[in-house]
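Participant: Before I ask anything, here is the structure I am working with.
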Amino acid sequence: MSSSVFKESIERYAEIGVDVEKALSTLEQVPISMHCWQGDDVGGFESPDAELGSGLAVTGNYPGKARSIDELRQDIEKAMSLVPGQHRLNLHAIYGDFSSDKADRDAIGVQHFQSWIDWCKTQKIGMDFNPTCFSHPKADDGMTLAHSDESIRQFWIEHCKCCRHIGAEIGKQLGSACVNNIWVPDGMKDSPADRTAPRQRLMASLDEILKEDYNTDHLLDAVESKLFGIGSETYVVGSHDFYLGYAIKNQILYCLDAGHFHPTESIADKISSVLQYIPEILLHVSRGVRWDSDHVVVLDDPTKAIFEEIVRGDHLSKVHIGLDFFDASINRIAAWAIGTRATQKALLLALLSPNEKLKQLEAAGDYSARLALMEDARMLPAGAVWEEFCHRNQIAGDFKWLDEVRAYESEVLSKR
């Protein structure tokens, strides 16, 4: 039953031209792609002693991380049970089922991920996919698709081809297009003598990977840039300029990762610009603290700005929302829940903003009223609307969901 506070919220928002029920209906329809790698610190299941490499780092050793596919699925199910709305799974290639069919990355196939597809069917969710071009002996020197050694470069080309084939089958079987996102760590720690040749090789590699056409109802290709990484502080081959140009030229998705730009640079302002030239984008919602540290997403100003831009620009149908953070210093299920719920709250706040009235004031040149309305709207009771959203989805509200995490920690995680 709706609370009196929620009913009052409907009236308050109506006064500034906001339809709360429409906002809730829209929020219900927008899926968030929850990343699998928060559950096991980006370890994967290729080998029990896998180590994270290629400039990536996870800090902390909170007890109870997933050690198997079954444990990871169990944890993801628990995390999703704490988050209202629609879900998707975002899977990296190192998370395949290799228990009975070992394969190096240039030879992986649908069979290694069929159990994940079947699991998604039982959960009634879609799935996105990613080649894993890191944490492998052939990536130890920080180069993959831009490598000067043709045999190593070809290894990673074949890996990415395999991933596109797997992604297309995922989308076909689940009836929802799979976003297959390519990110590579390629770069150099110190100043290179030649910045051009690696980018020429990366472009040629991508051209070969994307040569085969797939039904876009099944597969959507994306490429992801980065400003710098550990071990590639001075030069990243796949920079923003490189991948934006490549995405425009080939009309594929461009991935904007909130942690892959300068710490003072917001990706919110990029959204309306990028969408002038490509049909859709992929978001990796993350939180960088001083560097690309992939902290758990919180309801901070940069996150709110991202979703304000998406909603005010009417871009929701063109944006695929995925998460990308990993924190092993806190309970991993709690991290998933906090980050995903914060992302949804940011979207809800954007949907509850008096966007049409703000645009009218702007068009009329009344910037004083525009700023005043923006500020006054911040204090409206959005929390009551969020609680109603949780209630309708039969999900624990704020201050309550953590009790479920604690119980799960006691009953399940503590026994690992």
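Participant: Select from region 349-379 the residues that are surrounded by 23 or more Cβ atoms within 10 Å (Cβ to Cβ) and either acidic (Asp, Glu) or in a helix (DSSP H, G or I) (or both) and list them in ascending order.
Facilitator: LEU351
Participant: Let me confirm something: among ARG153, ARG88, which residue is in the same structural domain as ASP41 (by TED's automatic domain parsing), at pLDDT 95 or above and more than 29 Å from GLU233 (Cβ to Cβ)?
Facilitator: Of ARG153, ARG88, the one residue that is in the same structural domain as ASP41 (by TED's automatic domain parsing), at pLDDT 95 or above and more than 29 Å from GLU233 (Cβ to Cβ) is ARG88.
Participant: Right, something else. State the number of residues belonging to region 1-11 that are touching a residue at least 60 places away in the same chain (Cβ under 8 Å) and surrounded by fewer than 19 Cβ atoms within 10 Å (Cβ to Cβ).
Facilitator: So the answer is 4.
Participant: Of the residues in region 168-184, how many are among the β-branched types (Val, Ile, Thr) and farther than 22 Å from ALA247 by Cα?
Facilitator: 1
Participant: Taking ILE310 as the residue in question, decide whether it is more than 30 Å from SER410 (Cβ to Cβ), among the hydrophobic types (A, V, I, L, M, F, W, C) and at pLDDT 95 or above.
Facilitator: Yes.
Participant: Can you name the residue in region 12-30 that is part of a loop (DSSP other than H, G, I, E, B) and among the aliphatic types (A, V, I, L, M) and is also surrounded by the fewest Cβ atoms within 10 Å (Cβ to Cβ) among such residues?
Facilitator: ILE16
Participant: With closer than 27 Å to GLN29 by Cβ, touching a residue at least 60 places away in the same chain (Cβ under 8 Å) and small (Gly, Ala, Ser) as the only criterion, which of ALA350, ALA396 stands out?
Facilitator: ALA396
Participant: Please go through region 115-160 and pick out each residue that is assigned to a helix (DSSP H, G or I), charged (D, E, K, R) and over 21 Å from GLY229 (Cβ atoms).
Facilitator: ASP118, LYS121, GLU150, GLU158
Participant: Within region 382-416, track down each residue that is touching a Lys or Arg at 6+ places or on another chain (Cβ under 7 Å) and either of a type in the set (Ser, Thr, Tyr) or surrounded by 19 or more Cβ atoms within 10 Å (Cβ to Cβ) (or both).
Facilitator: Selection gives TRP386, TYR408.
Participant: Just to be sure before I move on: is TYR243 farther than 20 Å from ASP324 by Cβ, assigned by TED's automatic domain parsing to the domain that holds CYS162, aromatic (Phe, Trp, Tyr) and at pLDDT 95 or above in the structure I sent?
Facilitator: The answer is no for TYR243.
Participant: Further question: For ALA139, are the conditions met, namely being surrounded by fewer than 19 Cβ atoms within 10 Å (Cβ to Cβ) and either touching a residue at least 40 places away in the same chain (Cβ under 8 Å) or in the same structural domain as ARG201 (by TED's automatic domain parsing) (or both)?
Facilitator: no
Participant: Within region 173-191, is there a residue that is surrounded by fewer than 21 Cβ atoms within 10 Å (Cβ to Cβ), assigned to a loop (DSSP other than H, G, I, E, B) and among the β-branched types (Val, Ile, Thr)?
Facilitator: Scanning region 173-191, I find no residue that is surrounded by fewer than 21 Cβ atoms within 10 Å (Cβ to Cβ), assigned to a loop (DSSP other than H, G, I, E, B) and among the β-branched types (Val, Ile, Thr), so the answer is no.
Participant: Looking only at region 297-345, how many residues end up being closer than 19 Å to LEU373 by Cβ and among the aliphatic types (A, V, I, L, M)?
Facilitator: Residues in region 297-345 being closer than 19 Å to LEU373 by Cβ and among the aliphatic types (A, V, I, L, M): 2 in total.
Participant: Among the residues of region 84-114 satisfying the criterion of being in a helix (DSSP H, G or I) and among the polar types (S, T, N, Q), which is nearest to the chain's Cα centre (by Cα)?
Facilitator: GLN114
Participant: If a residue counts only when it is surrounded by 18 or more Cβ atoms within 10 Å (Cβ to Cβ) and without any contact (Cβ under 8 Å) to a residue 12 or more places away in the chain, which helices (runs of 4 or more DSSP H) contained entirely in region 195-276 have at least 3 such residues?
Facilitator: none
Participant: If I ask for residues that are crowded, with 21+ Cβ neighbours inside 10 Å and not charged (D, E, K, R), which ones from region 322-333 would you list?
Facilitator: Of everything in region 322-333, those that are crowded, with 21+ Cβ neighbours inside 10 Å and not charged (D, E, K, R) turn out to be GLY322, LEU323, PHE325, PHE326, ILE333.
Participant: Would you confirm, using the coordinates I've provided, whether ASP186 is at pLDDT 95 or above and closer than 22 Å to ASP324 by Cα?
Facilitator: Criteria met by ASP186.
Participant: What's the number of the only condition in (1) assigned to a helix (DSSP H, G or I); (2) in contact with an Asp or Glu (Cβ under 6 Å, 6 or more places away or on another chain); (3) touching a residue at least 24 places away in the same chain (Cβ under 8 Å) that LYS345 fails to meet?
Facilitator: Condition not satisfied by LYS345: (2).
Participant: GLU51 passes all but one of (1) closer than 27 Å to ILE281 by Cα; (2) modelled with pLDDT under 95; which number fails?
Facilitator: Evaluating GLU51 over (1) closer than 27 Å to ILE281 by Cα; (2) modelled with pLDDT under 95 leaves (1) as the failure.
Participant: Here is a further query. Only one of these conditions is not met by ASN61: (1) modelled with pLDDT under 95; (2) over 20 Å from SER329 (Cα atoms). Which number is it?
Facilitator: (2)
The values are calculated or read from the model by the stated rules, or taken from the named source; none is laboratory data. Keep in mind it's a predicted model, so treat the numbers as computed, not measured. Don't worry about glycine lacking a Cβ; one is built from the backbone with ideal geometry, like all the others, and counts go over all protein chains shown.
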